[in-house]
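Readers should treat all values here as calculations from the given coordinates under stated rules, not as data from a laboratory. This structure is a prediction, so every number in the text was calculated from the model and none was measured. Cβ: placed from backbone, ideal geometry, glycine included. Neighbour counts: every protein chain shown.
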There are 2 protein chains.
Amino acid sequence: MFMKEKCERVNPEQIENLLQKAPAAENITRMSAVFQALQSNTRLKILFLLRQKEMCVCELEQALEVTQSAVSHGLRTLRQLDLVRVRREGKFTVYYIADEHVRTLIEMCLEHVEEKT
Amino acid sequence: MFMKEKCERVNPEQIENLLQKAPAAENITRMSAVFQALQSNTRLKILFLLRQKEMCVCELEQALEVTQSAVSHGLRTLRQLDLVRVRREGKFTVYYIADEHVRTLIEMCLEHVEEKT
DNA sequence: TTAGTATATGAACAGTTGTTCATATGTTCA
DNA sequence: TGAACATATGAACAACTGTTCATATACTAA
């Protein structure tokens, strides 16, 4: 098998070294899944509401003006990636932001987009 | 028009207040686009390489083992959202991470997924 | 100018996603 | 126990995405 031609900037050893220091393939895939979850307007709105106050499904439904089904599906996605967590409270299911990483994540992104005028 | 029935936890005034403190619809949409860009394995790998060292397209091509076209398309997406920036250097086009927000963003996500054993 | 290298772009196709509708499950209280 | 409320889930369809292929553009050196 022939090696592909390399341009003069390419240093195979250095690239090998950089690849070793990069996250494992498995974690890249997990991160993809997390960002994938954060890529929906509905799910982002849910997170920015939960960031202020934990809420049950019907509160979110009221606030977001989408169907209960859509909220529930969205919450499941967030839950499966441990971006939000759940607590039962009588007949209500109360959702809240899982941890500070999640807050920082969405806040960094907000700052990034707010920066552009 | 009838108001939808509300569950006892719903406080319309409070919800109104929470909505006002949430990011504007425009910024939610921008964030969606950013997270959407971060949701691809290829683009994530690009960012985690650029995080270590600025690189030209052919270096990335070598490192990622995808076609030059895929790298270039990926870089365009990242560039359009100001996640990476470009500098011409002779015949090479050198890409680098745009700013600290972007570093923090991907590092928070990595920490989040690394936490789960 | 021309050849060769480096990068960008458009089209197109397979694969993936978010929503809604319909329905199921779970909880409370009378 | 049953009625009413709260939440979850499965199916299905339209819309969107990432890659490749083919080709265009840009820069350099001879």
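Projecting 7 Å from Cα along the Cα-to-Cβ direction, the label point of B:Pro12 sits 7.1 nm from its equivalents in the other copies, listed shortest first. Compute the relative contact order of the range B:53-117 as a whole-number percentage, counting only Cα pairs closer than 8 Å that sit 6 or more residues apart in sequence. So the answer I get is 30 percent. Between the helical axis of B:25-37 and the dominant principal axis of chain B, each derived from Cα atoms, what acute angle in degrees is found, rounded to the nearest 10? So the helix axis and the longest Cα principal axis differ by about 40 degrees.
Output the pairs from A:Lys116/B:Lys116; B:Lys21/B:Lys53; A:Lys21/B:Lys116; A:Lys116/B:Lys21; A:Lys116/B:Lys53 with a Cα-Cα distance over 31 Å in this structure; if there are none, say none. Table pairs above 31 Å Cα-Cα are A:Lys116/B:Lys116; B:Lys21/B:Lys53. Label points for A:Glu111 are taken 7 Å from Cα along Cα→Cβ. From this copy to the others they lie 1.2 nm apart, shortest first. Summing Cβ point charges (Lys, Arg +1; Asp, Glu -1) relative to the Cα centre of the range B:15-115 gives a dipole of roughly 460 debye. If you check each cysteine of the protein assembly as shown for another cysteine whose beta-carbon is under 4.7 Å away, which ones come up empty? Among the cysteines of the protein assembly as shown, those whose Cβ sits 4.7 Å or more from every other are A:Cys56, A:Cys109, B:Cys56, B:Cys109. Other protein chain C-beta atoms within 10 Å of residue C-beta, averaged over A:24-34: 6.
For the range A:12-115, the C-alpha radius of gyration sits at 1.30 times the compact-globule guess of 2.2 N^0.38 Å, with N the residue count.
Kirkwood analysis of the Cα pair distances in the protein assembly as shown returns a hydrodynamic radius of 19.3 Å. Counting from the shortest, the label point at B:Ala25, 7 Å from Cα toward Cβ, is 4.3 nm from the same position in each remaining copy.
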